[in-house]
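Q: Here it is: the structure, laid out below.
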Amino acid sequence: MIRVLLKKKWIKYPLISLGGFIFIFIIFYGSIYFGFWGNIPNKDELSSLKQVEATQVLDKDGRLIGKYYIYDRQPITYDDLPDHLIDALVATEDIRFYQHNGVDNVSLLRVFFKTILLSDKSSGGGSTITLQLVKNIFGRKDYGVFSIVVNKLKESIVAKRIEDLYSKEDILTQYFNTVPFPDNTYGIESASQKFFNKSTKELTLSEATTLIGSLKANHSYNPRLFPERSQLRRDVVLRQMVKYGHITQNVADQVMNKNIVLDYQYFNHDLGLAPYFREEVKKELIQILKKHKKTDSTLYDIYKDGLIIHTTLDYEMQSLAEKVMKDHMRNLQNVYEKEYGLKAPWKGNTKLLDNTIKRLPIYKKYVEQGLSENQIKDSLSVKQEMELFEWGGNITKKVSTKDSVQHYLKFLNAGMIAIDPTDGAVRAYLGGIDYRYFKYDHVSQSKRQVGSTFKPFVYTAAIENGMKPCTYFPLKEVTYTNLEDWTPKNSSTEQDPYLNYNLETALSNSVNTIAVKVMDEVGVTNVLDQIKKMGIDEELPEQPSIALGTAGIKIKELAGAYASYVNKSKGVQPFYITKIQDRNGNLIASFEKEKTETAYSDYTRQVMLEMMKSTVDNGTATRLRKTYGLKNDIAGKTGTTQDNKDGWFVGITPKLVTVTWVGNDNYNIGFKTTKQGQGANSALPIFGELYQKMNENPVFDLITKSSFEKTSNNVLEDLECKPEKRDNFLKRLFSKKKKRKKFKKN
C-alpha cells in the first residue's frame, strides 16, 4: 500500500521535499548547536551567570541616593518579589511557565496554527520567560537574513540548559534582575526605585502591574511619558490576572478606578538627589579603589561591579536643603536683577564678556589650533538649539556660545555643607544651584574670600594668647603707615570715633576696625598658626587684611575648623564614605574620622562660643530669631566680602555645623547694595529656612532639640562687663585727629 502511494507524484515529491527540509533543518540546527554560528554558553558557563550591575550610593541609613552605571541594574533575591508581581508577570507573559522546560511547544503550536495560518493576532506569542531571560542576558547578533531563525534557535538551546540548571524561582529572580524597563532601567528593583521611590517588596498591585505592563514596549508604555497609555496597559495586565484566577474582578476594579501615581526619582549623573555630593564621592571612590583590588588582582569598575557605597549623607536633610536653597535663590535672583535694572553689569559690558569668553576651554582650544581672533569670534557666534537654565522654567532657543555666556553671567550661585561636628560626617551638601548647568562645585573646588567668617579665628588666637574677653578697642579708624596707608573701614556709615567695644560686642557686630586691631595685638603669625591647628591647610598670605577675610578658603575647610567650637576644641576633616562593599555585601574598605589634635584650650572654646551666641542673639545674625523665629541653641557668624561679592553664614548648633555661601561665579560681579549682598541677607536665609523645616520634622529632634553644654562660671564672669564704653572728655579732646601707626605683623 505504501509503495503504491509513493509512486504517486502528488505524494512522492511533497514527501521528498519534506524529508529534504527536515534533513536541512537538522544540519542547520546542528551547525547552531555545535557553535558554527557563534559560541553557545555551556552548562558550566551558565552555572555562574553574572551581569553588569550598577554601583549603589546609599545615605547613612541605607537609603538609595544615586548610582554609577552604564546599565541601571540593581539585583535582588526571590524573597524580595511580592506574589502579585510574579502572578502579573506569569499571567501576562507566560501562563504555562511552570509546565514547560524553557520552550513552550503548546504555545508554539498555537502560534503556528492560529497566528500564522489563521492570522489571529489574539493568540499571543510563543516566547517564554526563560527565552526572554536568555535574550536579556546574551542579547542578539546580526546574521543577515538568517538573524531571526539563528537567534531564536540559539535562545531555545540556552533556555533548555538554563531550565536544567536552575529552579523556576531562580529563573524568575534572574529575569526580574535583567529585564529592561523604561528610561534605560534594568531590573525590577531599579525600576521600582526610579518610578515609585520604594523597594520591590513594597510595590502595590497597581505599581507592580504598571511595571509589568511596560515590558510589552518600554517606550510606548512609559508611565512617566505616557501616563494614560500606561494605565490602559496596566488594566490589561489586571484583566489577565483575573482571567487566570490570581485576583478577583472586584480587586481589579478597585485598582482600575484609580490613576497611576508616580514618585519618580532621577538616578542619572546630572539629576536626582545630591548630584554634587555623588560626583565628589565618585572622585574619592576611584582613588580608594586603586588601593583595594579584587581577589584576582584586577581593579574594581564602579560602573559594572555592583558595589555598595555607604555614605554619611542624610537623605531627609539633603532633600530639605535642596528645596530651601532653590526657593531662596529663586527669590534672591529676582531681587538681584531688579535692583540692577537696565544697568546690570552683564548687559552691554563688552570687556567683561570678552574676558569671560577667553577663559572658556573652547576658546583656549581654538587658540591652540592657531585660529585668529576673528576666526574664533566667528566660531563662537554660530547659533544652535540650546536649553538654557532659568529659575522660572528652562527655555530652549537658538543661541551662540557668546549668547550663552552672556546669559549665564547674571546668575547667582550657592554652596552649602552641613556636618556632624564630632567626626566631620557630611549630612548635607549643595555644590551649586543646578548640576546640569553649573558643574563647578563650590564646596570642594571653590576658594572664595570668606569675609567676616574669618574673624572668629582672629579672636580665638587672641584669647588663646592671653587677651581678656573684656578688653576694649575703639571703633575709630586707624591708618597703618607701613601698609601703604591702609585704612580699614566699617560697613556702617554711622560711626562714633569715641566709642569702644569689648571683644564680644565687636565680634557679634562684625566690626572691621577692631578685628584688625586685635590682629595687630596678637600678630598675624599667631593667627595663621591657630587656623592650621584648627584644620585649615591653605597657605594664606601673611597680610593683615586676612583679618577681614580676604583669603580664599574652601567651604568644607571652613566647616571643619568651626566644628572645633563644639568638638572639644578639635577641628575635623569632612568626609563622605563610611564603608564600601562588593555586590555580595563583603566589606572592601571602611573609614572612620581622622584623629585631630586639640587646637586651643577649653576656656578659649567656651569664650568664643559665647561670643558667637551673641552674634545670633544680639548681633548681625539676629534675623534668625526675629525673622525665622528659631529658638534653637545657635551660635554663628555672618560674612560679607568687599563690594558685596560674597555672602556667608556659619551656623553652629550642638550637633550640626552648617556653612552657606552665595555669590556670582564671575568675581567681577557683586551685589549692587550691601542691604542685599550682606551675608545676613544672601546666605543666612538658607540656614534659617532649613532649620525651620527641620524643627517641624521629629526625625531631626536629636539635632534641633540639642543644647549647648553649660558654660563654666569663670568664663561667664570674665565675660561680665559692659558691651561698650565711651572715651572720657580728656581722651576725646586729645584724639580728634585720625590715628596713624605701624602694624605689628608678628
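The values are calculated or read from the model by the stated rules, or taken from the named source; none is laboratory data. A quick note: this is a predicted structure, and the numbers were derived from the prediction, not measured. Counting neighbours? That spans all protein chains shown, and the Cβs are built from the backbone with ideal geometry, glycine included.
Q: For residues that are of a type in the set (Gly, Ala, Ser) and under 25 Å from Glu542 (Cβ atoms), tally how many sit in the range 492-521. It would help to see each step written out before you state the result.
A: At the first step, the residues of the range 492-521 found to be of a type in the set (Gly, Ala, Ser) are 492, 506, 508, 510, 515.
Still in the list and also under 25 Å from Glu542 (Cβ atoms): 506, 510, 515.
The qualifying residues number 3.
Q: To continue, here is another question. Taking the residues in the range 123-141 that are over 14 Å from Leu153 (Cβ atoms) and not in a helix (DSSP H, G or I) as candidates, determine which candidate is modelled with the lowest pLDDT. Explain how you work it out, then say what you get.
A: Quick first cut of the range 123-141, residues over 14 Å from Leu153 (Cβ atoms) only: 123-125, 128-130, 132-133, 136-137, 139.
Next cut, not in a helix (DSSP H, G or I) only: 124-125, 128, 139.
Working: Gly124: 45, Gly125: 50, Thr128: 86, Gly139: 66.
By that ranking, first place goes to Gly124.
Q: Please find, within the range 211-225, the residue that is farthest from Thr128 (Cα to Cα) out of those that are of a type in the set (S, T, N, Q) and more than 28 Å from the chain's Cα centre (by Cα).
A: So the residue we want is Ser220.
Q: Filter the range 227-249 down to the residues that are without any contact (Cβ under 8 Å) to a residue 12 or more places away in the chain and under 13 Å from Leu205 (Cα atoms), then identify the one that is surrounded by the fewest Cβ atoms within 10 Å (Cβ to Cβ). Write out each step before concluding.
A: Within the range 227-249, the subset without any contact (Cβ under 8 Å) to a residue 12 or more places away in the chain is 228-229, 232, 242, 245, 248-249.
Now drop any that are not under 13 Å from Leu205 (Cα atoms), which leaves 242, 248.
Values: Val242: 16, Thr248: 11.
Once the filter is applied, the top-ranked residue is Thr248.
Q: Taking only the range 345-382 into account, find how many residues are of a type in the set (Val, Ile, Thr) and part of a loop (DSSP other than H, G, I, E, B). Let's see the steps before the verdict.
A: Looking only at the range 345-382, we keep the residues that are of a type in the set (Val, Ile, Thr), and these are 350, 356-357, 362, 367, 376, 382.
Right, trim to part of a loop (DSSP other than H, G, I, E, B) and you get 382.
Final tally of qualifying residues: 1.
Q: Would you mind stating whether Met467 is assigned to a loop (DSSP other than H, G, I, E, B) and of a type in the set (A, V, I, L, M)? It would help to see each step written out before you state the result.
A: Values: assigned to a loop (DSSP other than H, G, I, E, B): yes; of a type in the set (A, V, I, L, M): yes.
So Met467 fits the description; yes.
Q: Would the range 277-296 turn up any residue that is part of a loop (DSSP other than H, G, I, E, B), of a type in the set (D, E, K, R) and within 21 Å of the chain's Cα centre (by Cα)? Step through it out loud before you land on a result.
A: To start, the set of residues in the range 277-296 that are part of a loop (DSSP other than H, G, I, E, B) comprises 290-296.
From what's left, of a type in the set (D, E, K, R): 290-291, 293-294, 296.
Next, only the ones that are within 21 Å of the chain's Cα centre (by Cα) stay: none.
Checked the range 277-296: no residue is part of a loop (DSSP other than H, G, I, E, B), of a type in the set (D, E, K, R) and within 21 Å of the chain's Cα centre (by Cα).
Q: For the range 608-631, give me the residue count where each residue is surrounded by fewer than 22 Cβ atoms within 10 Å (Cβ to Cβ), of a type in the set (S, T, N, Q) and either out of contact with any strand residue (DSSP E or B) (no Cβ under 9 Å at 6 or more places or on another chain) or in a loop (DSSP other than H, G, I, E, B) (or both).
A: Going through the range 608-631 one residue at a time, the tally reaches 3.
Q: Also: If you check Val242, Val255, which single one turns out to be touching a helix residue (DSSP H, G or I) at 6+ places or on another chain (Cβ under 6 Å), among the β-branched types (Val, Ile, Thr) and either under 14 Å from Ala208 (Cβ atoms) or assigned by TED's automatic domain parsing to the domain that holds Lys556 (or both)?
A: Numbers: Val242 fails: either under 14 Å from Ala208 (Cβ atoms) or assigned by TED's automatic domain parsing to the domain that holds Lys556 (or both).
Val255 is the lone residue from the list that is touching a helix residue (DSSP H, G or I) at 6+ places or on another chain (Cβ under 6 Å), among the β-branched types (Val, Ile, Thr) and either under 14 Å from Ala208 (Cβ atoms) or assigned by TED's automatic domain parsing to the domain that holds Lys556 (or both).
Q: I've got another one for you. Any idea which residue in the range 388-408 is surrounded by the fewest Cβ atoms within 10 Å (Cβ to Cβ), counting only those that are part of a loop (DSSP other than H, G, I, E, B) and within 24 Å of the chain's Cα centre (by Cα)? Spell out the reasoning first.
A: Taking the range 388-408 as the starting set, the residues that turn out to be part of a loop (DSSP other than H, G, I, E, B) are 389-394, 400.
Subset that is within 24 Å of the chain's Cα centre (by Cα): 389-394.
On the way: Phe389: 15, Glu390: 13, Trp391: 15, Gly392: 8, Gly393: 6, Asn394: 12.
Looking at residues that are part of a loop (DSSP other than H, G, I, E, B) and within 24 Å of the chain's Cα centre (by Cα), I get Gly393.
Q: Any residue in the range 551-566 that is of a type outside the set (Phe, Trp, Tyr), in the same structural domain as Ile463 (by TED's automatic domain parsing), buried (at least 19 other Cβ atoms within 10 Å of the Cβ) and free of Cβ contacts under 8 Å to residues at least 24 places away in the same chain? Give the steps one after another, and end with the answer.
A: Start the filter on the range 551-566 by keeping residues that are of a type outside the set (Phe, Trp, Tyr), which leaves 551-561, 563-564, 566.
Filter once more, keeping what is in the same structural domain as Ile463 (by TED's automatic domain parsing): 551-561, 563-564, 566.
Of the ones still in play, those that are also buried (at least 19 other Cβ atoms within 10 Å of the Cβ) are 551, 553-561, 563-564, 566.
Remaining after also requiring free of Cβ contacts under 8 Å to residues at least 24 places away in the same chain: 557.
Checked against the condition, which is being of a type outside the set (Phe, Trp, Tyr), in the same structural domain as Ile463 (by TED's automatic domain parsing), buried (at least 19 other Cβ atoms within 10 Å of the Cβ) and free of Cβ contacts under 8 Å to residues at least 24 places away in the same chain, the range 551-566 yields at least one hit.
Each row is one residue, and each column tells you yes or no for (1) in the same structural domain as Gly549 (by TED's automatic domain parsing); (2) touching a Lys or Arg at 6+ places or on another chain (Cβ under 8 Å); (3) under 22 Å from Lys744 (Cα atoms); (4) of a type in the set (Val, Ile, Thr).
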residue	(1), (2), (3), (4)
Thr471	yes, no, yes, yes
Val478	yes, yes, yes, yes
Leu499	yes, yes, no, no
Asn502	yes, yes, yes, no
Leu507	yes, yes, yes, no
Thr513	yes, yes, yes, yes
Lys517	yes, no, yes, no
Asp520	yes, yes, yes, no
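Q: Return yes when Phe277 is aromatic (Phe, Trp, Tyr), touching a residue at least 40 places away in the same chain (Cβ under 8 Å) and assigned by TED's automatic domain parsing to the domain that holds Ser214 and no when it is not. It would help to see each step written out before you state the result.
A: Values: aromatic (Phe, Trp, Tyr): yes; touching a residue at least 40 places away in the same chain (Cβ under 8 Å): yes; assigned by TED's automatic domain parsing to the domain that holds Ser214: yes.
Taking the combined requirement at face value, the residue satisfies it.
Q: Within the range 86-122, track down each residue that is modelled with pLDDT of 80 or more, of a type in the set (D, E, K, R) and surrounded by fewer than 17 Cβ atoms within 10 Å (Cβ to Cβ).
A: Keep residues of the range 86-122 that are modelled with pLDDT of 80 or more, which gives 86-100.
Retained after the next criterion (residues that are of a type in the set (D, E, K, R)): 87, 93-94, 96.
Within the range 86-122, Arg96 is the sole residue that qualifies.
Results for (1) in contact with a helix residue (DSSP H, G or I) (Cβ under 7 Å, 6 or more places away or on another chain); (2) not charged (D, E, K, R), shown as yes or no for each residue.
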position	(1), (2)
Asn526	yes, yes
Met534	yes, yes
Leu548	yes, yes
Glu557	no, no
Gly560	no, yes
Ala563	no, yes
Asn567	no, yes
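Q: Right, here's the next one. Quick test for you: out of Lys725, Lys731, Lys744, Lys736, pick the one residue that is over 16 Å from Met329 (Cβ atoms), assigned to a helix (DSSP H, G or I) and at pLDDT below 95. Explain how you work it out, then say what you get.
A: Values: Lys725 fails: assigned to a helix (DSSP H, G or I); Lys744 fails: assigned to a helix (DSSP H, G or I); Lys736 fails: assigned to a helix (DSSP H, G or I).
Criteria check complete, one pass: Lys731.
Q: Looking at (1) small (Gly, Ala, Ser); (2) more than 12 Å from the chain's Cα centre (by Cα); (3) assigned to a loop (DSSP other than H, G, I, E, B), find the lone condition where Ala462 falls short.
A: Condition not satisfied by Ala462: (3).
Q: Still on this structure, please answer the following. Could we say that Val367 is among the β-branched types (Val, Ile, Thr), within 30 Å of Thr401 (Cα to Cα) and touching a residue at least 40 places away in the same chain (Cβ under 8 Å) here?
A: Considered against the rule, which asks whether it is among the β-branched types (Val, Ile, Thr), within 30 Å of Thr401 (Cα to Cα) and touching a residue at least 40 places away in the same chain (Cβ under 8 Å), Val367 comes out as no.
Q: Something else about it: Do the conditions hold for Arg63, that is, is it assigned by TED's automatic domain parsing to the domain that holds Thr130, under 28 Å from Arg233 (Cβ atoms) and basic (Lys, Arg)?
A: no
Q: Within the group Val659, Val715, which residue is among the aliphatic types (A, V, I, L, M), within 17 Å of Leu609 (Cβ to Cβ) and either free of Cβ contacts under 8 Å to residues at least 60 places away in the same chain or in contact with a strand residue (DSSP E or B) (Cβ under 7 Å, 6 or more places away or on another chain) (or both)? Break it down stepwise before answering.
A: On the way: Val715 fails: either free of Cβ contacts under 8 Å to residues at least 60 places away in the same chain or in contact with a strand residue (DSSP E or B) (Cβ under 7 Å, 6 or more places away or on another chain) (or both).
Unique residue meeting the criteria: Val659.
Q: Something else now. Let me spell it out: the conditions are (1) surrounded by fewer than 21 Cβ atoms within 10 Å (Cβ to Cβ); (2) in a loop (DSSP other than H, G, I, E, B), and Glu385 meets all of them except one. Which number is the exception?
A: (2)
Q: Just one of Ser706, Ser682 is of a type in the set (S, T, N, Q), crowded, with 24+ Cβ neighbours inside 10 Å and in the same structural domain as Gly560 (by TED's automatic domain parsing); which is it?
A: Numbers: Ser706 fails: crowded, with 24+ Cβ neighbours inside 10 Å.
Only one candidate passes the filter, namely Ser682.
So that you can scan it fast, the table gives a plain yes or no per residue for (1) in a helix (DSSP H, G or I); (2) basic (Lys, Arg):
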| site | (1), (2) |
| --- | --- |
| Asp183 | no, no |
| Lys198 | no, yes |
| Leu232 | yes, no |
| Asp235 | yes, no |
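Q: Ok, one more. Identify, by number, the condition in (1) part of a loop (DSSP other than H, G, I, E, B); (2) under 37 Å from the mean Cα position of the chain (by Cα) that Glu228 doesn't meet.
A: (1)
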